[in-house]
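I have placed the structure first, in the form of structure tokens, so that the comments after it can refer back to it.
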Amino acid sequence: MTDPETAPALRDDDAYADSIIDFVTASPTSYHAAAEVARRLDAVGLTAVDEREPWGTDLPRRGYTRRDGAIIAWLLPEQLDAAAGLRIVGAHTDSPALRLKPRAAMVRDGVQVLNVEVYGGPLLNAFLDRELGLAGRLTTFDGTTHLVRTGPIARVAQVAPHLDRSVNESLHLDKQAHLLPLWTLTSGKASDAAAAAGTAPAGAATDAAGPGNDAASALPGPDAPEHYLCELAGIDPADLAFCDILTYPTEAPARFGRNGEFLASSRLDNLSSVHAALVALEALAHEGADAGIAGPIVFIANDHEEVGSGTRTGAAGPFLQTVLSRLAGTMGVTGDAYAALLARSVCVSADAGHAVHPNYPQLHDPAVRPVLGGGPLLKINAQQRYATDATAVAAWARACRAAAVPSQDFVSNNAVPCGTTIGPLTATRLGIPTVDVGQGLLSMHSQREMCAVSDGVRLARAMHAYWQGA
């Protein structure tokens, strides 16, 4: 039984809300999210393991390994029961954003803007008139990675209705022309004129060094964002090999509603699932090495789900498969025995889902109507966009029952095709029965999504019961 004093977020809505607010705030990108998961796992006694080293037979039974913006953690029992299988929970760390292109700074009419490309499938209008930060990783020529983030530094400005009378009737955003964040002023009209006349280099301009001083100085050039981020990270720009930098909304997550029952935040898809699994895993770690575990438990947070998962850290890649094989090997399970272990295993794919939107009820199934605050969603799709099947549902249903957690079904309106998750990819790669679940959201893929706080607590409690072997 979980002690509420050692795992308050698993039992209390307020503690859970505080925990997820801290988690999202610390996780502006997938790289930061993986680092924050690792930090919290360190705090409950799990040991970091380098995947580049042989693991052998002395692998920590409570450990984790990171690969870029993805992370896998495990708790292994002292002795592996002959009938036990793996209990896996999978989620993903990435969310839609704007990603900086190389040498991204461009001068436009007195302002230096950032040249970006769209990552994932966001609601484009949600980027408008919102203070954005830059965050991600810088990699130097020696291969060292440095995480970096700014505060509010950029903004995608909307056009006024005085200039476009149709903007409230038919908003259209060109991804190249209209989504360029403004991040600094250029040096003045004279320099703009010089640039336009071709007397100053592209992306640069001249300005007097001071009153009465004719000395010219160049504006920061196209690589100004990289130089600025290197300055923040304490890196010589000459040492920078490459960077992976995305925008993130800097407004802090916040509770709202008549009774504070809602949470508004960026990146709830899918940090809501990552956080729920993390809270459940923290509780198990507090409870002891075995914590009533029936078999090995594994948590994976993949990266790149929003762009198809086809990377070395995505669910279509080999990360989970490789780590599971290595974990089994340390327990002496190889060959035919390993294939049998996988056949006895279950995977819960956790990704945010859609609660019925009160202002757009016609877009949802006419009979199956999951609501905010009604508990986690069981996601079902005839085209196998979700991997849910009856075998895996039984394991999830037992977990919800053991945790006294209500569960809601989700199916799509036949005229509104649904998205997909890591579930079908994991099931295809490993052959493990998989069930797709998640926390209901509104405004999914906005830069400011919303959920009911109580649904996150319930999702975490159900995962905790599942990992205990319910």
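At what distance in angstrom do the alpha carbon centres of the stretch 32-106 and the stretch 410-436 lie from each other?
The stretch 32-106 and the stretch 410-436 have Cα centres separated by 23 Å.
Between the alpha-carbon centers of the stretch 242-270 and the stretch 438-470, tell me the distance in whole angstrom.
If we compute the Cα centre of each part, the gap is 15 Å.
Could you point to the residue in Q468, C418, T388 farthest towards the positive end of the stretch 371-470's charge dipole, with +1 and -1 charges on the Cβ of Lys/Arg and Asp/Glu respectively?
So the residue furthest toward the plus end is Q468.
Can you tell me which of 72-83, 257-268 comes out highest on packing, and rank the rest after it, using the mean Cβ neighbours within 10 Å?
So the order, starting with the most tightly packed, is 257-268, 72-83.
List, in order, the whole-Hz ³J(HN,Hα) value for each residue of the stretch 77-87 obtained from phi through the Karplus relation with A = 6.51, B = -1.76, C = 1.60 and θ = phi - 60°; use x for Gly and Pro.
Here the 3J(HN,Hα) series is x, 4, 10, 8, 5, 4, 9, 7, x, 6, 10 Hz.
Would you calculate the separation in nanometres between label points at E53 and H227, each defined as 7 Å from the Cα along the Cα-to-beta-carbon direction?
4.0 nm
Residues with amide H under 5 Å of L378's amide H, sequence separation 5 or more or different chain, H placed in the peptide plane at 1.01 Å from N; which?
Q408, D409, F410
For an R0 of 56 angstrom, estimate the FRET efficiency from the Cβ-Cβ distance between T330 and N259 and round to the nearest 0.05.
0.70
Provide the packing ranking of 312-324, 400-412, i.e. peptides ordered by the mean count of other C-beta atoms within 10 Å per residue, highest first.
Result, highest mean Cβ count within 10 Å first: 312-324, 400-412.
Could you state the per residue volume, in Å³, of the convex hull enclosing the Cα atoms of the stretch 235-337?
228 Å³
What Kirkwood hydrodynamic radius, in Å, does the stretch 74-166 give when the mean of 1/r is taken over all pairs of distinct Cα atoms and then inverted?
Mean inverse Cα-Cα distance, inverted, gives 17.9 Å.
Mind giving me the FRET efficiency for A82 and L147? R0 is 35 Å, r the Cβ-Cβ distance, nearest 0.05 is fine.
Plugging the Cβ-Cβ distance into 1/(1 + (r/R0)^6) gives 0.20.
Relative contact order for the chain: what percent, with Cα pairs under 8 Å and sequence separation of 6 or more?
22 percent
Given labels modelled 7 Å from the Cα in the Cβ direction, how far is it in nm from A402 to K175?
Roughly 4.4 nm, to one decimal.
Using only Cα atoms, what is the ratio of the radius of gyration of the stretch 349-413 to 2.2 N^0.38 Å?
In units of the 2.2 N^0.38 Å rule of thumb, it is 1.14.
P(r) for the stretch 6-108: what percent of alpha-carbon pairs falls in each 5 Å bin, starting at zero?
2, 9, 15, 18, 19, 13, 10, 7, 4, 2, 1, 1, 0, 0
Ordered by residue, what ³J(HN,Hα) values in Hz, to whole numbers, does the stretch 140-150 give under the Karplus form 6.51 cos²θ - 1.76 cosθ + 1.60, where θ = phi - 60° and Gly and Pro are x?
Listing the rounded values in order: 8, 4, 7, x, 6, 9, 10, 7, 8, 8, 10 Hz.
In whole angstrom, how long is each semi-axis of the equivalent ellipsoid of the stretch 261-408, when you take the square root of 5 times every eigenvalue of its Cα gyration tensor and sort them from largest down?
30, 19, 17
Mind checking Rg over Rh on the stretch 115-182, alpha carbons, Kirkwood formula for Rh?
1.11
Quick one: compute a quarter of the convex hull surface over the Cα atoms of the stretch 371-470 and quote it in nm².
For the stretch 371-470, the mean projected area of the Cα convex hull comes to 6.8 nm².
Kindly rank 365-372, 106-113 from highest to lowest mean number of other beta carbons found within 10 Å of each residue.
106-113, 365-372
Rule-of-thumb check for the stretch 104-150: C-alpha Rg over 2.2 N^0.38 Å?
That ratio works out to 1.49.
Can you give me the C-alpha center-to-center distance between the stretch 367-398 and the stretch 285-337, rounded to a whole angstrom?
For the stretch 367-398 versus the stretch 285-337, the Cα centre distance is 23 Å.
Coordinate-derived values only; no laboratory data. None of the values given here were measured: they were computed from a predicted structure. Ideal geometry is used to build each Cβ from the backbone, glycine not excepted, and the neighbour counts take in all protein chains shown.
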